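All remarks here apply to the structure that follows.
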Amino acid sequence: MEKLECLLPEDQVQTKIRELAARINKDYAGKELLVIGILRGAFIFMADLVRRLEVPVTVDFIAVSSYGDETQSSGIVRILKDLDENVTGRHVLLVEDIIDTGLTLRYLCDYLQARGPASLRVCTFLDKPGRRKVDLQPDYRGFTIPDYFVVGYGLDCAQRYRNLPGIYIYNPGEKEKIRGEEKEERGVPPEEDKPSEQAVEVRSRERGPSECRKNGI
């Protein structure tokens, strides 16, 4: 049975959303903003964020595939759902749940930039700079976290846990551990079977058992 360890409780998450929205409102004052969410992971973060924006906002979504049910990006990006809105000449904010290697996001930024937006910025809820494989820095960042595999608040493991209100470290259960040991015996490093490859890093890790229990985990 897998175990979940609370990393960022709900109240800390919502405080950060308010801080990000305040910065975006200031930067885009007097402008109209097209907010593009990357499905599926960013949908909860984006929903909470846009509800706190005071500038005129239009929303759209783009869906890509680079993970599938795996725990690390393949680096091969496929567009599953393209935009409905035209980005040419518009101020665009691309919203992501977590930046890991940066390969998928680098592809999307180049893809959107080729359509001629007036400006293009990136807002990510979580960032794992230690895993970066390309030179990419978000314009707005919620939390920088260590190399954990995390779930909750839109992030999943095999499509589970997206509904959790906070961020949780996912620890594999005994079956996953046994499977990793079997791979090691066959000469395959067990790291390839661990979900810890989706890393994330938190500067403010203010949490405690009571906060985790408060979220029902």
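Read-outs throughout are calculated quantities, based only on the coordinates presented, and are distinct from any laboratory measurement. The model shown is predicted, which means the values in this text are computed figures rather than measured ones. All Cβ positions, glycine included, derive from the backbone under ideal geometry; neighbour counts span all protein chains shown.
Amide H to amide H, with H built 1.01 Å from N, Arg90 comes under 5 Å of Ala118, Ser119, counting only residues 5 or more places away or on other chains. Percent of C-alpha pairs per 5 Å bin in the stretch 40-129, short distances first: 3, 12, 24, 27, 21, 10, 3, 1. Near Gly142, the amide H atoms lying under 5 Å from its own belong to Thr124, Phe125, Leu126; only residues 5 or more places off or on other chains count, and H is placed 1.01 Å from N. Less than 5 angstrom separates the built amide H of Thr58 from those of Leu33, Leu34, Val35, all sequence-distant by 5 or more or on a different chain.
Among the listed pairs Lys3/Lys128; Lys26/Lys81; Lys81/Lys133; Lys26/Lys128; Lys3/Lys81, a Cα-Cα separation exceeding 28 Å is found for Lys26/Lys81; Lys3/Lys81. Here the calculated FRET efficiency for Asn86 and Arg52, from their Cβ-Cβ distance with R0 = 35 Å, stands at 0.85, rounded to the nearest 0.05.
For Arg23, Arg52, what's the fewest-to-most ordering of other Cβ within 10 Å of each Cβ? Walk me through the intermediate numbers first.
Values: Arg23 12, Arg52 15.
Fewest-to-most Cβ neighbours within 10 Å comes out as Arg23, Arg52.
The label point for Leu136 and the one for Asn25, both projected 7 Å from the Cα toward the Cβ, are 3.0 nm apart.
Each residue of the stretch 34-41 in turn: what ³J(HN,Hα) in whole Hz from Karplus with 6.51, -1.76, 1.60 and θ = phi - 60°, glycine and Pro shown as x? With coefficients 6.51, -1.76 and 1.60, one gets 9, 9, 10, x, 8, 7, 9, x Hz.
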